[in-house]
């Protein structure tokens, strides 16, 4: 999801993590990981994403592939 929203682009998990740590405010660093996991588990599902219920749908670059 970090790549889809361009929140933290990277070719592997280490690059994404490094960039996420730079852009995430300190007060959210403990929770942001879980928020991304839950969003991917219940909303941005790989096989059939629920774009209509996504609160950050306007940030997504993969709309053409999901609608």
Problem set entry | Odd one out for residue 62 among (1) at pLDDT below 85; (2) surrounded by 12 or more Cβ atoms within 10 Å (Cβ to Cβ); (3) under 10 Å from the mean Cα position of the chain (by Cα) | (3)
Seminar exercise, completed: Note on region 1-19: residues within 10 Å of the chain's Cα centre (by Cα) and surrounded by fewer than 11 Cβ atoms within 10 Å (Cβ to Cβ) are 6
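The values are calculated or read from the model by the stated rules, or taken from the named source; none is laboratory data. Note that the coordinates shown come from a computational prediction; the quantities given were computed from them, not determined experimentally. Cβ coordinates were reconstructed from backbone atoms using ideal geometry, including for glycine residues, and neighbour counts include every protein chain displayed.
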